[in-house]
1. So, in the range 136-167, exactly how many residues are open to solvent by 80 Å² or more (accessible area, probe 1.4 Å), farther than 25 Å from Tyr110 by Cβ, not in a helix (DSSP H, G or I) and not charged (D, E, K, R)?
2. Would you please name the residue that is most open to solvent (accessible area, probe 1.4 Å), looking only at residues in the range 87-112 that are hydrophobic (A, V, I, L, M, F, W, C) and under 15 Å from Phe76 (Cα atoms)?
3. Can you find, within the range 23-70, the residue that is surrounded by the fewest Cβ atoms within 10 Å (Cβ to Cβ) among those that are of a type in the set (Asp, Glu) and more than 20 Å from Leu116 (Cβ to Cβ)?
4. Please work out if Phe115 is surrounded by 12 or more Cβ atoms within 10 Å (Cβ to Cβ), aromatic (Phe, Trp, Tyr) and modelled with pLDDT of 90 or more.
Amino acid sequence: ARPAAEPPGKLGPPAADTDAEPHADAPKTVGVLALLFLSGGLVDVNMKVFRETFSAAAGGDTPISTFLLFVFGVAFLVGAVAVVATGVRTGRWPSAQAWAWGVGLGVVNYGSAEFLLRALDQLDGTVAFPANSVGIVFGAALIGRFVWGEALSRANLVGLGLAGAALVLLAG
């Protein structure tokens, strides 16, 4: 017997299919993770290129806010197209709560990007980019722990400790 389908208008993961192969989605998962890895690196490269070529610190005349407006504007358009395409295709549309979380995440990401670009004025990229990444991992672990009550396993704690140690070694 198959589980009941999601009610229309609710966005979220599809109901589990108990008849599916256990690892049928593994190639798709690997593809998404590879795309995430590559796009994260591309974002960092674009920030470094902006900082060294177009920013006021490099003798250019493009303010950080203009660069970030362009970057986040493109991200918004891509996301809007994806949401509308999904909504038209499936009839499922994001709730007001999902929109609020999306806007909140966008504001945090904007602040993170601006902070990183300003940090590049003071720090070498070999320190600033890993510090930003480790900060995001620590922040996500803290939010997961204290907002959603997620338990940190021994492996999680060891990983966080190693990330912190690596950052100290990079800065030293």
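The values are calculated or read from the model by the stated rules, or taken from the named source; none is laboratory data. Everything quoted here is computed from the prediction, not taken from an experiment. Using ideal geometry, Cβ is built from the backbone for each residue, glycine included, and neighbour counts are taken over all protein chains shown. Calculation scope for accessible area: heavy atoms of the full protein, side chains included, ligands and nucleic acids excluded. Shrake-Rupley method; radii C 1.70, N 1.55, O 1.52, S 1.80 Å.
1. Selection size over the range 136-167: 1.
2. Trp101
3. Filtering the range 23-70 for residues of a type in the set (Asp, Glu) gives 25, 44, 52, 61.
Those still in the list that are more than 20 Å from Leu116 (Cβ to Cβ) too: 25, 61.
Numbers: Asp25: 12, Asp61: 8.
Once the filter is applied, the top-ranked residue is Asp61.
4. Judged against the criteria, Phe115 is a match.
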